[in-house]
């Protein structure tokens, strides 16, 4: 969890990840029971994948059908909102039924404003899902050697409390959260990746202009693994990381907003056989809206993350960008990219990654959005067997009441 707001990190995952564009014109209908609203939706996507296991050779192609019904119960009390949602995602692979899977996700989100200068955010999530073969712990040749996806459960909860607001000369945000990863199958090697990750952070904002703040942040991240691999001579992967950042955030005009943070991180391992790691870190988010119907977003960050099996950790440098444009009240295009370099600390491996996406979405009805698009992935690694290219063509529909 590297985002400045731990609430956002717990709820949404890693900051600046490449995502598909949201619905633009559909207006989901609600069911109401007293002060509680219920919003059911269904997303359906069919896609053609030309390299299912992200392999460097013997590429396998398939059609995939994803069906994802979702129900959200929510209520609002003044400026405070409360939400509980459940989503089921069922995936069927036409040419590889071993990869068929049903994921479950339950989320609780609370935004409570005691008053204008005391605000609490809390989020909790339970995810019962999987890693696609060829990703995560099964990347490279492992994805073709195992006979089903790696399954795991992830449980997370946390939040932040803010004293002050944007009108205050100063404001303080304190955050805390924890994430537990518990793998379910292939325990001969996945047991060594079960872990808890605890995060504490504090950010102090000081106003230097009506819509501009300078900020100071300290973040602590502790990784505690359940089991140490006896075959790993380096010993435990348990670590403590401290991150120090200074920067500026602004919402200067109706057209521009963003934040820039720079600093350093220091990761120390419990095992003396592993080399402690430190380095320069940054987090940048920029948004430019030249017109009310067109938005350009750019982000970059450098951070340390847990290894997926090789080395001690991964030092990652990412650059992301997106252009979302509403051509009229019913149609939108989305263009996005991600460029990244992953440097595996303690191992001779450096990966260069590229992700691209282009999509078009059309609001056919108030309750129906239709879309189509293309995604591309590429990895160029020092470990040649990990190189791959992936093309995905998709058609999607988003339905509501």
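Name the shape class, rounded, prolate or oblate, that the alpha-carbon gyration tensor gives for the range 81-173, where a ≥ b ≥ c are the square roots of its eigenvalues, rounded holds for a/c under 1.5, and otherwise prolate holds if a/b is larger than b/c and oblate otherwise. Write down the numbers at each step before the final one.
Working: a/c = 4.53, a/b = 2.69, b/c = 1.68.
Since a/c reaches 1.5 and a/b is larger than b/c, the shape of the range 81-173 is classed as prolate.
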State, as an integer percentage, the relative contact order of the range 6-400 based on alpha-carbon contacts under 8 Å between residues 6 or more apart. 14
Equivalent ellipsoid dimensions for the range 206-352 as semi-axes, Å, which come from the Cα gyration tensor, largest first: 37, 20, 11
Pick from 120, 145, 65: which residue has the top mean-square fluctuation in a GNM of the chain where Cα pairs under 10 Å get a spring? 145
Of 322, 141, 33, the one that fluctuates the most in a GNM where the chain has Cα springs shorter than 10 Å: 33
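Rank the residues 195, 54 as a footprinting-exposure proxy: fewest other Cβ atoms within 10 Å of their Cβ go first. Before the final figure, lay out each step's value.
Working: 195 18, 54 23.
Listing 195, 54 from fewest to most nearby Cβ atoms yields 195, 54.
When N counts the residues of the range 193-286, how does its alpha-carbon radius of gyration compare numerically with 2.2 N^0.38 Å, as a ratio?
Values: Rg = 17.8 Å, N = 94, 2.2 N^0.38 = 12.4 Å.
So the Cα radius of gyration is 1.44 times the expected 2.2 N^0.38 Å.
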Would you kindly work out the equivalent ellipsoid of the range 277-401 from its C-alpha gyration tensor and give its semi-axes, the square roots of five times the eigenvalues, largest first in whole Å? 35, 19, 12
Roughly speaking, what is the centre-to-centre gap between the range 249-276 and the range 350-390 when only Cα atoms are used, to the nearest Å? 27
Over the chain: helical MRE at 222 nm, DSSP H runs n ≥ 4 each giving -39500 (n - 2.57), nearest 500: -500 deg cm²/dmol
Everything considered on the Cα gyration tensor (a ≥ b ≥ c; rounded for a/c under 1.5, else prolate if a/b is larger than b/c, else oblate), the range 339-401 must be described as prolate
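Quick check of the Kirkwood formula: for the range 148-224, what is the inverse mean of 1/r over all pairs of different Cα atoms, in Å?
Numbers: mean 1/r = 0.0667 Å⁻¹.
Averaging 1/r across every pair of different Cα atoms and inverting gives 15.0 Å.
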If you build a Gaussian network model of the chain, linking Cα atoms that sit under 10 Å apart, which residue out of 41, 253, 62 swings the most? 253
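Could you quote the convex hull projected area for the range 27-112, Cα atoms only and averaged over all directions, in nm²?
Average projection, Cα convex hull of the range 27-112: 7.8 nm².
Values in this text are rule-based calculations from the coordinates and carry no lab data. All values derive from a computational prediction rather than experimental measurement. Here the Cβ is made from the backbone with ideal geometry for all residues, glycine too, and neighbour counts use every protein chain on show.
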